[in-house]
Every structure is written in structure tokens, then in C-alpha cells.
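The values are calculated or read from the model by the stated rules, or taken from the named source; none is laboratory data. What you are looking at is a predicted structure, and each value in this text was computed from that prediction instead of being measured. In this analysis, Cβ positions are derived from the backbone assuming ideal geometry, glycine residues included, and neighbour counts consider all displayed protein chains.
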Number of protein chains: 4
Amino acid sequence: MFSHEVHLRVCYADTDQMGYVYYGNYGRFYEIARMEALRSLGFSYKELEAAGTMMPVYENKSRYLRPARYDDLLTVKVVLRQPPAVRIVFEYEVYNEGRTLLNTGETTLVFVNRKSGRPGGAPAELIRMLQPFFAAREIPG
Amino acid sequence: MFSHEVHLRVCYADTDQMGYVYYGNYGRFYEIARMEALRSLGFSYKELEAAGTMMPVYENKSRYLRPARYDDLLTVKVVLRQPPAVRIVFEYEVYNEGRTLLNTGETTLVFVNRKSGRPGGAPAELIRMLQPFFAAREIPG
Amino acid sequence: MFSHEVHLRVCYADTDQMGYVYYGNYGRFYEIARMEALRSLGFSYKELEAAGTMMPVYENKSRYLRPARYDDLLTVKVVLRQPPAVRIVFEYEVYNEGRTLLNTGETTLVFVNRKSGRPGGAPAELIRMLQPFFAAREIPG
Amino acid sequence: MFSHEVHLRVCYADTDQMGYVYYGNYGRFYEIARMEALRSLGFSYKELEAAGTMMPVYENKSRYLRPARYDDLLTVKVVLRQPPAVRIVFEYEVYNEGRTLLNTGETTLVFVNRKSGRPGGAPAELIRMLQPFFAAREIPG
């Protein structure tokens, strides 16, 4: 298992007239969390794209347990339970400063060749970087 | 069953550098589709809120089958398979002009009293408006 | 002078916790207005880009006179006072249903060659399409 | 004069299909910069709102000199040249990591009583906090 945490301040742009973070804006929070998680390993998504592979989202799920509000300093915990293969699945938990769980989510991304548009599987470099976090006997799902 | 279709033009603001509609922006498309669906029945969410009930999102799921692209004229079909009760569940199918299915989604919203913050169930007016679409003998899936 | 009007419904995604349309979201409204204005002439920005020219924004100004609110059906009037040359300048007026002026804005865009990144001036086709709206004797303001 | 700098990483959500940060998204960058600037003084906009004053945007201007791109680590420098009175005017300069100036902007906000909707002038606490940055002999414009 690999996990990472990022901290994000809710700004006015994130809120809606309910005074909640608009439900569609969690996609941005998740994106930042998973990209910073990969960056913490030394992996650059920007370089991956420059080298010809992109990672479009295939599936996204969110559960909104309690509202996040303006000025909340959120912690987004992102977890990889399986090493990436054809897909990579990130799970999230979003907490406020009082460590109340506000939101859970899951995003599945695929690896696609930019030119052909065809799925290609996780790049070797990413698999290698994540290997230490997944014990030898774990069987990828 | 109740269903409704809206048409939305993808603008630059919706796209990301992949040339796709950013995955987080479908929340907006779904919102417009379900609100216009209710409006087509004569139901105003704005009035519902003014009368003290709001409808926060509890759960949202999206599957991204094919990219929506800049200038695509999308059709968002929204379906209610069950009459609203404590929750209301909207399902979506997003098509491009060639009627290719690009995206499917599902949003569950709850009815909450604005002052108390407590769940209250669907308003009688909405239940009444939707009644004709749900025949007595329909068996809930 | 060339002008065009579009109608846009304010959705929840547009609002912030003040109950106003977030100031940054007018950029989207302006974009839709100017692109639909060009479309009404038979001009496709998508085709322009495909042919190698893009139109990045050089300058944008907005004045927020009164708030736009959730569910408002806005009219965005867009005006071209001068034929496009190296730049094209769109002016906007945003009204609510009661025809109260809520917002004024102005966007200056340039024409850039996608490959070289260099400014190239308005495409001949666009100049030709707009010519009938700018009489020979009009004196530039 | 009072100035402050914040650092922001451009994410996918910020970009458009040109591979640039969408012009409308600078409003969010400016908001974060000015709110963090006030926070650095010990001033909380959240508390100001809770106490009955809100700060809607009256005017916003942006000039886009060079594109900001995905993964850029931006520096947003925000400057107050005058102490706040009926209005407060923030100026911005946005730089990339190579310290190239990408964007300049200016936002004018007003102080409004939440209940009456009437302008009220800057709160005494904010004026007091900013006083040390404006020498006695400076003449407000």
C-alpha cells in the first residue's frame, strides 16, 4: 500500500450558494492529491505526457458525508492499494482540521498512448517506483 | 420512469490540455440536466430552497467511456427510475452529435432542512409531479 | 458594429457562498457569448484552430455592477465595435430577466499561429464575414 | 505599500485545450493570493463575513503576457499600493519558476453589509493592521 497526504485550503471559487464546496470541485482536489502523491515518489506526470503517455480518467466516484466549507484547511489522503497495471486506482479520504471525515472518493485512470489513443499499461518507471510499497506476496486484483 | 434530455455545447472552459472535457466538469453537466428535467415538470429548485429545503449531493459516480471534445454539442439524457423518497437518484447518459455514448453517471441527492440541517424527505409537490411517470405496478429494481 | 445576444441560465456551479456568480466565472459567459456570435456568422473557431490558428486572450476586464444569482436567465450581449485586425475586441453587457444591467466586460484576443506561436492577424475569412457590419464611412471610436 | 507572495501549482483542471491556463481561472489565483496576503497579517476574511461584512468584487482586470502551463509552479505577488477605504485594490504579478512575468492583474473589492447590502467601508481592524505598511506622508489617490 502506498499513501500520501496533501493539504488544501478551500477558497471562495470552490464554494456554492449552499456554503458548501460544490460537488464537482472534488475532482480538482483528487487530481492534486494523486499528482502530488506521484511527485513525492519522484514521478512527473508532465514528463510522462511529454514522453507520449497520458492518463485519462476512466471512472470516478465520490461520497459526500459532510460539507467542506470556505476556509477549511482540508487534508486529502490518497491511497494506492494495488500496484498499477492496465489501470491505476486511487482512493481518497478528505478531512477537515478537526479530522472529521467529509468525503471519500475513488478514481480509476488508464494509460493511453497519445498518438494511437490505445491503452498501454503502466510505464515501467512508475511500477518500479511503487514496487517497494507492495509486498512480494500481494496479488494484483 | 421519467426522463428528459438537454443539449449542451462544450466550451473552452470545459476542456483540459488533453483536449478532453475535464473529468470534474461533468458534475456541472449533470446538474444542468437534472435541474432542467425538474423545470420541465414545472418544479423550481430555486423555490424549494427559498421555502427552506436544499438538496445536497450525497453520492456521484461517473464512467468516462470516450472523451467529449471542444465544440461538441452534447445530449445529456437524465433518467429517474424510482420516485423520490428520502433520496433521489438521477442517472445520466451523455452523447455526442453522432449519438456515440461518451459518459454515464449517477447522482444521489438528499433533501435537507436548511435551518436544522436534517434530512427531510422529498417535498410533497415533487412527489405529486412525478407520480404520473411511475405506474402503480412498476417493480422497483 | 456587429452584435449578438446569448441566453445563459446560472447554475449552482456558477455560484459562490455569497449567493452570487463567482467573479471568475464570467470568463466562461463571455467565451460562450463571443463564440456563439461568431457561429451566428457561420464562423467556426474549432475549424480555425484545426487550420492552425488559435486565439489566446490578451486582456480581459470586468465590472460587476450587481450580482447575478442562481437560476437567473442571463442575456449576454456581445458587441464588436471595430473589425478585427491584429487583435479582436469583444465588449459585453450582461442583463438579468428584468433587463437590469449586472456586468460589463471586454476581452481582447490575438490571432496566433499554433506552430510558430507568432501573432498572425485575423484570418481573411473572418474579416470577410464581418465586413457587412462595418460601413465604409464609420469612424473608429 | 504592502506585498505578499504565494506559490501555486498549475493543475490539469486549470488548463484548456491550448495547453494554457484558461483565462477565467486567474480569478481563483488572484483570490488565493489576496486572501493569503490578508491571512499573513492575521486577518481572517471568514471572520469578517461571520461578523456581517462581505467583500464582493467590483472590478477585475487581467493582462495575459505569456501562457501559464500545466505543472508550472507559479508565484503570485500581490500588492496593495493604498490603504483600504471605501474600496480595496489588489494588484498582481504572476511569474513562473524561471521568474518570467506571465500575467498582471488588478481587483477592486468593496465592503458591503451582508444584511443591508449597502457599502460600508473597510473595517477598522483591517485598516489598523495595514497602517504600518503605509507611511504617514503617503497621500491616498
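Things worth noting here:
- Of all residues in segment D:34-48, those being closer than 20 Å to residue C:64 by Cα and either touching a residue at least 12 places away in the same chain (Cβ under 8 Å) or in contact with a Pro (Cβ under 7 Å, 6 or more places away or on another chain) (or both) number 1.
- Residue that is in contact with a Phe, Trp or Tyr (Cβ under 7 Å, 6 or more places away or on another chain), within 11 Å of chain D (Cβ to nearest Cβ) and in contact (Cβ under 8 Å) with a residue 24 or more places away in the chain, where the choices are C:12, C:23: C:23
- Some residue of segment C:96-104 being within 20 Å of residue D:25 (Cα to Cα) and within 12 Å of another protein chain (Cβ to nearest Cβ): yes
- Condition met for residue B:21 (in contact with a Ser or Thr (Cβ under 8 Å, 6 or more places away or on another chain) and either within 27 Å of residue C:27 (Cα to Cα) or of a type in the set (Lys, Arg) (or both)): yes
- Only a single item in (1) part of a strand (DSSP E or B); (2) surrounded by 21 or more Cβ atoms within 10 Å (Cβ to Cβ) is not met by residue A:61, and it is number (2).
- Residue match in segment D:48-70 (condition: aliphatic (A, V, I, L, M) and closer than 19 Å to residue A:7 by Cβ): no
- Qualifying residue in segment A:29-52 (condition: more than 25 Å from residue B:110 (Cα to Cα) and among the polar types (S, T, N, Q)): yes
- The residues on offer are B:100, B:53, B:104, and the sole one that is touching a Phe, Trp or Tyr at 6+ places or on another chain (Cβ under 9 Å) and more than 21 Å from residue C:71 (Cβ to Cβ) is B:104.
- Scanning segment C:97-113 for residues that are within 15 Å of residue C:51 (Cβ to Cβ), surrounded by fewer than 15 Cβ atoms within 10 Å (Cβ to Cβ) and touching a residue at least 40 places away in the same chain (Cβ under 8 Å) turns up at least one hit.
- Which numbered condition residue A:33 misses (of (1) over 14 Å from the mean Cα position of the chain (by Cα); (2) aliphatic (A, V, I, L, M); (3) within 13 Å of another protein chain (Cβ to nearest Cβ)): (1)
- Among residues of segment C:94-113, those that are among the aromatic types (Phe, Trp, Tyr) and either assigned to a loop (DSSP other than H, G, I, E, B) or over 17 Å from the mean Cα position of the chain (by Cα) (or both), counted: 1
- Residues that are assigned to a loop (DSSP other than H, G, I, E, B) and not hydrophobic (A, V, I, L, M, F, W, C) do not occur anywhere in segment A:24-33.
- Lone qualifier among B:9, B:34, B:39, B:69 - being of a type in the set (Lys, Arg) and crowded, with 21+ Cβ neighbours inside 10 Å: B:34
- Where residue B:86 falls short, out of the listed (1) of a type outside the set (D, E, K, R); (2) within 13 Å of another protein chain (Cβ to nearest Cβ); (3) over 25 Å from residue D:70 (Cβ atoms): (2)
- The lone exception for residue B:117 - which of (1) on the phi > 0 side of the Ramachandran plot; (2) within 13 Å of chain A (Cβ to nearest Cβ); (3) surrounded by 13 or more Cβ atoms within 10 Å (Cβ to Cβ) it fails: (3)
- Just one residue in the set D:54, D:1 is within 20 Å of residue A:14 (Cβ to Cβ) and aliphatic (A, V, I, L, M); that residue is D:54.
- Test: residue C:49 is modelled with pLDDT under 95 and within 12 Å of chain D (Cβ to nearest Cβ): yes
- Verdict on residue D:135 being free of Cβ contacts under 8 Å to residues at least 24 places away in the same chain and of a type in the set (A, V, I, L, M): yes
- In a residue-by-residue description of segment D:67-83, the property of being within 9 Å of chain C (Cβ to nearest Cβ) and either among the hydroxyl-bearing types (Ser, Thr, Tyr) or in a strand (DSSP E or B) (or both) applies to no position.
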